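The structure under discussion appears below in the form of structure tokens.
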Amino acid sequence: MLTCPDMRDSWHWFLKNTLIRYKDFQFSFIIMKKFLEAYKGINRTVWIFTVVMFINRVGAMVMPFLSIWLKEEINLSLAQTGLLIGVMGAGIIAGSYLGGFLSQKIGSLKTIKLSLLLMGIFLILVYYSSDIIVLTVLLFILGCVQEWTRPATLYFFTQSLKPENLPKASALYRLAVNIAFAVGTTLGGLLTAISYAALFWVDAITCWFALIFILVALKGFNDKKETEKQKIINSGKTNLRIFYFITIILFYYTLFFVFFNSYPLYLKDFCKIDESTIGILISGNAVIIILFEIQLVNYIGKRNLNTRAVGVGLLVGALSVLTLLSGSSLTIQIIFIILLTISEMLCLPYLWAIAAYLGKESNKNIITWYSFFGSVAFMISPVITNFVAEKSGYDIAWIMISVFGFISLAFFILLRNSGEIFLKSES
């Protein structure tokens, strides 16, 4: 039985720990409240659409393991595997343009629905095909139809949101994609341990599940109204400002995609870092984005620092690559990843918004070209980086890529000085 002092001590212990837990809960609640407030202005339709894209991206498990499947399961040579991946990349470039074209002609939501349906079908067809010619054709088509969603997503956001909320929507979308990619890649690795059939079928089923979800959740969405709005948003003629913007996209994305293509190879071959550590380093990019991007976008938006943010982001991107000249230590790699991720968070959400502005004021195809040249950059980035690294060494390659960053910054200054680059609220 407790004595009075024992009871008092127990009561003090209870109060102390309860208050501490209450304060911890209160702090967590405040953090969560601020996190959710950062998304204020994004309507229900965009939230539903982002959930659909999350489902689809979680299921995008085949791509990280496609080259392994072609080489190990289909028994293709390394050269044949590279050729087929290249053909699929060509399909992605074609799809980025065709997706924008379809979004204008039939509506962005219809384009996404069609993409989800066909992706599931062609994933299954690819798995059950072993003839190299048939595989080549099917992979080109698969790359094409899966890329339709990229320009269609930008069209959808442009039509569904007020101009000032586009960067927030971009940050939300990128948050969903980064989480989904981490989850999907992990699940994909587990499924390959079972069988590649499971990998392809689960990927296809998630495409169809996302399609069903969008049919039910956005049943009343008027795609015809979207198309009418597109004609207003995308009226105008091509001018020099479009050239400036496309140049920014081509050079900056070539720099940015080094992180996903050539940089892991550099870590393995030059820095002698093992695969598990490489995986942790690369995933650090997604972790930083998940934790900080929406808060950063919200801060910049409240203070109307959009233009300055992009300029600083392009500069930081160019400087980040130069840090790789300092050595191959793990510390240097961490600094590079942090700087490049900061650049990404400052640039990518706002490049969407600039595309929307130029689409309204200058050129009906600017969103399509934005996606198209982004895809081109994805294809050429590893080609030119690896070629220069092999012929002249990684230091020369990094200097070249850094110069690309400074070129994008120079053209951004030209674009900024030529007039407005962000849409103003129409409300």
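The values are calculated or read from the model by the stated rules, or taken from the named source; none is laboratory data. Just so it is clear, the model here is predicted, and its values are computed rather than measured. As a convention, Cβ positions derive from the backbone with ideal geometry for all residues, glycine included, and neighbour counts pool all protein chains shown.
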Taking region 158-173 on its own, how many of its residues are outside any loop (DSSP other than H, G, I, E, B) and either over 16 Å from Asn304 (Cα atoms) or under 17 Å from the mean Cα position of the chain (by Cα) (or both)?
11
The one condition Gly393 fails out of (1) of a type in the set (Gly, Ala, Ser); (2) modelled with pLDDT of 85 or more; (3) under 25 Å from the mean Cα position of the chain (by Cα) is (3)
For Thr45, work out the one condition from (1) closer than 30 Å to Val126 by Cα; (2) hydroxyl-bearing (Ser, Thr, Tyr); (3) at pLDDT 80 or above it doesn't fulfil.
(1)
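Can you name the residue in region 45-80 that is of a type in the set (D, E, K, R) and free of Cβ contacts under 8 Å to residues at least 12 places away in the same chain and is also surrounded by the fewest Cβ atoms within 10 Å (Cβ to Cβ) among such residues? Step through it out loud before you land on a result.
Within region 45-80, the subset of a type in the set (D, E, K, R) is 57, 71-73.
From the residues that got through so far, the ones that are free of Cβ contacts under 8 Å to residues at least 12 places away in the same chain too are 71-72.
Numbers: Lys71: 16, Glu72: 13.
Among them, the one singled out is Glu72.
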Considering Tyr173, Tyr196, which residue is modelled with pLDDT of 80 or more, closer than 28 Å to Val297 by Cβ and hydroxyl-bearing (Ser, Thr, Tyr)?
Tyr173
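Please go through region 375-386 and give me each residue that is surrounded by fewer than 22 Cβ atoms within 10 Å (Cβ to Cβ) and within 18 Å of Gly99 (Cα to Cα), ordered by number.
Quick first cut of region 375-386, residues surrounded by fewer than 22 Cβ atoms within 10 Å (Cβ to Cβ) only: 376-380, 382-384, 386.
The answer is Val376, Ala377, Phe378, Met379.
Please find, within region 236-271, the residue that is nearest to Tyr370 (Cα to Cα) out of those that are part of a loop (DSSP other than H, G, I, E, B) and of a type in the set (Phe, Trp, Tyr). Before the answer, list the steps.
Step one: list which residues in region 236-271 are part of a loop (DSSP other than H, G, I, E, B), which gives 236-239, 260-261, 270-271.
From what's left, of a type in the set (Phe, Trp, Tyr): 260, 270.
Values: Phe260: 20, Phe270: 34 Å.
The qualifying residue nearest to Tyr370 (Cα to Cα) is Phe260.
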In region 396-419, what count of residues is obtained for those that are at pLDDT below 90 and either farther than 17 Å from Val310 by Cα or in contact with a Leu (Cβ under 9 Å, 6 or more places away or on another chain) (or both)?
1
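A quick yes/no check of all residues on (1) among the hydrophobic types (A, V, I, L, M, F, W, C); (2) exposed (fewer than 14 other Cβ atoms within 10 Å of the Cβ); (3) under 20 Å from Leu255 (Cβ atoms):
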residue	(1), (2), (3)
Leu281	yes, no, yes
Gln295	no, no, no
Asn298	no, no, no
Asn306	no, no, no
Val310	yes, no, yes
Ser329	no, yes, no
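Could you list all residues from region 107-120 that are over 14 Å from Leu66 (Cβ atoms) and surrounded by 17 or more Cβ atoms within 10 Å (Cβ to Cβ)? If you could, list the steps in order and put the result at the bottom.
Residues of region 107-120 over 14 Å from Leu66 (Cβ atoms): 107-118, 120.
Scanning region 107-120 gives Gly107, Ser108, Leu109, Lys110, Thr111, Ile112, Lys113, Leu114, Ser115, Leu116, Leu118, Gly120.
Quick grid of which residues meet (1) of a type in the set (Gly, Ala, Ser); (2) farther than 18 Å from Phe260 by Cα; (3) part of a helix (DSSP H, G or I):
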| site | (1), (2), (3) |
| --- | --- |
| Ile354 | no, yes, yes |
| Leu358 | no, yes, yes |
| Phe387 | no, no, yes |
| Ser408 | yes, yes, yes |
| Leu415 | no, yes, yes |
| Glu420 | no, yes, no |
